[in-house]
Structures are given as structure tokens and as C-alpha cells.
Amino acid sequence: VDGIVLANTIPLFIPLIILIWLHLAVPIRRVLAVCVGFLGVLVILRPGVGTFHPMALFGVAAGVFGAIALVSVRRLTKTEDTERILFYFFLISTFLSFFPMVFAWTEVEGIMWLYIVALSLATTFFQFCITRAYTYLPATKASATMYFSVILGGIFGWVIWGTVPDLWTLAGSI
């Protein structure tokens, strides 16, 4: 759950990115909501009690860079259509993932191809929906729904892998 929580701190960083990059005012209610969100993340991760690992900083970086990307998408939706944004997103993603893939390639067999295709279709659908959402909503409002994946991640972890969330995780998720 920790990785999911950290990767989904995107909505918490968006107001900060909007303030610093776009120089737009962030309403005090949103600032308070972000503070409560970070408090929830701290409750779940409990840094200082032996659970924090320096690699967690990669999860935080994912949240920061994800926030930058989504604020960028919001700005692009003012001048570009969804299909063009997606085209360049997938073009750049393909280019950036090609080089690591060359060095870490392993043979893909059988049912894995089906999983890859299914994941590709789901990811494309997600990107289309999120880009379309940013056309109609401010970044801070559209991104708030993304935190729902933390709850789903906890449920899937429990149902599929038997990982029962502890009270700290449940309290921090609320």
C-alpha cells in the first residue's frame, strides 16, 4: 500500500505546482485539504518507526512529476484537442521506455501477451478519460478522484494477496 499511497500523492502536489509554476492563488480550503491529505499519508507511512525506506523518495518523486504532468495537461487542453495530447504522450512515453527496455528485455510468452494488450487498452482508456476530464475541470478538482486508487489498491491487496490493512492504514485513508 505504501507505494500506491506515495505514487498517488499527485493531488496533494498539484496546488503547490499551480502556486509556484502558474502563480495562481490557491483557496485556503484547498490548502487545508492538502494539509489533511499529507497528514493522512504520514499516518499511513509512519516515518520514523522503522518503516521508512529511502527508496520511498521515488514514490514521492512520482507524485511531484505526476502533478507537473497533469497541470501541463490542463494547460494543453486550452489549446490542443485530447487526441493530439494523447498522441504526443504515447510518442514520448514510447521513446523514453524504449532504451531501458533494450537493456532489460526478457522473452514474453503465452498469456502474458494478453495481459500486455489488456493493460495497454486500459491505460489508453485511462489517459483518454483523464485528459478529457482536465478539459472541463481545474487540475485540483479533477485530480482529487485519483486518490480513489489508494482505496482500490488496499482492497485488491486484501482480496488478491491477503494483505490486511492495519488500523494506521485505514485511519490515514480516511
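The values are calculated or read from the model by the stated rules, or taken from the named source; none is laboratory data. Quick caveat, the model's predicted, so the values are computed rather than measured. Note: ideal-geometry Cβ built from the backbone for every residue, glycine included; neighbour counts use all protein chains shown. To get the accessible areas, we keep the full protein, side chains included, count just its heavy atoms, and leave off ligands, DNA and RNA. Shrake-Rupley method; radii C 1.70, N 1.55, O 1.52, S 1.80 Å.
Observations, loosely collected:
- V43-C129 pseudo-label distance in nm [points 7 Å out on the Cα-to-Cβ vector]: 2.7
- Of the listed residues M146, M112, the order by accessible area with a 1.4 Å probe, largest first, is M112, M146.
- Among I151, T140, S120 the positive-end extreme of the charge dipole of the chain (Cβ point charges): T140
- Taking label points 7 Å from Cα along the Cα-to-Cβ direction, S97 and L57 give a separation of 2.6 nm.
- The convex hull of the Cα atoms of the range 47-168, projected and averaged over all directions, covers 10.5 nm².
- Take the chain and mark each of the chymotrypsin sites (Phe, Trp or Tyr not before Pro) that is in a DSSP loop with at most 13 other Cβ atoms within 10 Å; the longest unmarked stretch, sites excluded, is 106-174.
- Dipole size of the chain about its Cα centre, with +1 on Lys/Arg Cβ and -1 on Asp/Glu Cβ: approximately 740 debye, rounded to the nearest 20.
- Inter-label distance, I116 to Y88: 2.8 nm, where each label sits 7 Å from its Cα along the C-beta direction.
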